[in-house]
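Asker: Please see the structure below; I have some questions.
The values are calculated or read from the model by the stated rules, or taken from the named source; none is laboratory data. Since the model is a prediction, treat every value here as computed from it, not as a measurement. Using ideal geometry, Cβ is built from the backbone for each residue, glycine included, and neighbour counts are taken over all protein chains shown.
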Amino acid sequence: MGSENQRNDKPDPILLSLFANRFMSVAEAMGRSLQQTSISTNIKERLDYSCAIFAPNGDLVANAPHLPVHLGSMSFAVRYQIQHLQGQIFPGDVIMANHPQAGGSHLPDITLITPVFNEQNLVFFTGM
């Protein structure tokens, strides 16, 4: 068989770089929107927030370089909510969480998790 009929399972480095930068740009845009619309000094001036995109299973896909300390607990928060709300997450939902046993770090930190759907298929979660 010719090489044109063989399946190539190796990731395309150009597409990988392109999508990695696109997803990171989305997370950065989330942060800019949060900063520009916030009235909190912690958000507006101290930049005490993080924004990221997660796979449907809760794995981190991309994050903006805001305050990375939040990202460790944010992954746990997303995974906990996926497990806790299994089958009950729908388009338009926004999940607000800060429970310490469910990925919350401390009381002032609130995690907002939003599912992103393509038609009826869950494709990502955003977290901030």
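Asker: In segment 91-119, what count of residues is obtained for those that are touching a residue at least 24 places away in the same chain (Cβ under 8 Å) and polar (S, T, N, Q)?
Answerer: So the count comes out to 2.
Asker: Which of the numbered conditions does VAL78 fail, given that it passes all the others? Conditions: (1) of a type in the set (Val, Ile, Thr); (2) in a loop (DSSP other than H, G, I, E, B); (3) under 16 Å from the mean Cα position of the chain (by Cα).
Answerer: (2)
Asker: Can you tell me how many residues in segment 108-123 are part of a strand (DSSP E or B) and either more than 20 Å from SER75 (Cβ to Cβ) or small (Gly, Ala, Ser) (or both)?
Answerer: Counting residues in segment 108-123 that are part of a strand (DSSP E or B) and either more than 20 Å from SER75 (Cβ to Cβ) or small (Gly, Ala, Ser) (or both) gives 3.
Asker: Shifting gears a bit: Which count do you get for residues in segment 34-61 that are in a loop (DSSP other than H, G, I, E, B) and in contact (Cβ under 8 Å) with a residue 60 or more places away in the chain? Break it down into steps so the answer makes sense when it comes.
Answerer: Initial filter on segment 34-61 (in a loop (DSSP other than H, G, I, E, B)): 38-40, 45-51, 55-59.
If we keep only those that are in contact (Cβ under 8 Å) with a residue 60 or more places away in the chain as well, we get 49-51, 55-56, 58.
Residues that pass the stated criteria total 6.
Asker: Restricting attention to segment 60-70, does a residue exist that is over 15 Å from THR114 (Cα atoms) and over 15 Å from the mean Cα position of the chain (by Cα)?
Answerer: No, every residue in segment 60-70 fails to be over 15 Å from THR114 (Cα atoms) and over 15 Å from the mean Cα position of the chain (by Cα).
Asker: Restricting segment 85-128 to residues that are touching an Asp or Glu at 6+ places or on another chain (Cβ under 8 Å) and of a type in the set (S, T, N, Q), which is nearest to ARG32 (Cα to Cα)?
Answerer: The extreme case among them is THR114.
Asker: Tell me, yes or no, whether segment 77-88 has at least one residue that is surrounded by fewer than 16 Cβ atoms within 10 Å (Cβ to Cβ) and farther than 22 Å from ASN118 by Cβ.
Answerer: Checked segment 77-88: at least one residue is surrounded by fewer than 16 Cβ atoms within 10 Å (Cβ to Cβ) and farther than 22 Å from ASN118 by Cβ.
Asker: Which of the following residues is farther than 15 Å from CYS51 by Cβ and at pLDDT 95 or above: PRO108, PRO91, PRO100?
Answerer: Just a single option satisfies the conditions, and that option is PRO91.
Asker: Report, by residue number, each residue of segment 37-87 that is out of contact with any strand residue (DSSP E or B) (no Cβ under 8 Å at 6 or more places or on another chain) and of a type in the set (Phe, Trp, Tyr).
Answerer: The answer is TYR49, PHE76.
Asker: Follow-up question, since we're still on this one. Just to check your reading of the model, which residue among SER25, SER73, SER38, SER17 is polar (S, T, N, Q) and in contact with a Gly (Cβ under 6 Å, 6 or more places away or on another chain)? Can you show your working first?
Answerer: Numbers: SER25 fails: in contact with a Gly (Cβ under 6 Å, 6 or more places away or on another chain); SER38 fails: in contact with a Gly (Cβ under 6 Å, 6 or more places away or on another chain); SER17 fails: in contact with a Gly (Cβ under 6 Å, 6 or more places away or on another chain).
That would be SER73, the only listed residue that is polar (S, T, N, Q) and in contact with a Gly (Cβ under 6 Å, 6 or more places away or on another chain).
Asker: Looking at SER105, SER73, can you tell me which residue is surrounded by 12 or more Cβ atoms within 10 Å (Cβ to Cβ), part of a helix (DSSP H, G or I) and small (Gly, Ala, Ser)? Walk me through how you get there before you give the answer.
Answerer: Values: SER105 fails: part of a helix (DSSP H, G or I).
It is SER73.
Asker: I'm checking my understanding of the structure. Among residues of segment 108-127 that are buried (at least 21 other Cβ atoms within 10 Å of the Cβ) and under 10 Å from the mean Cα position of the chain (by Cα), which one is nearest to GLY58 (Cα to Cα)?
Answerer: PHE125
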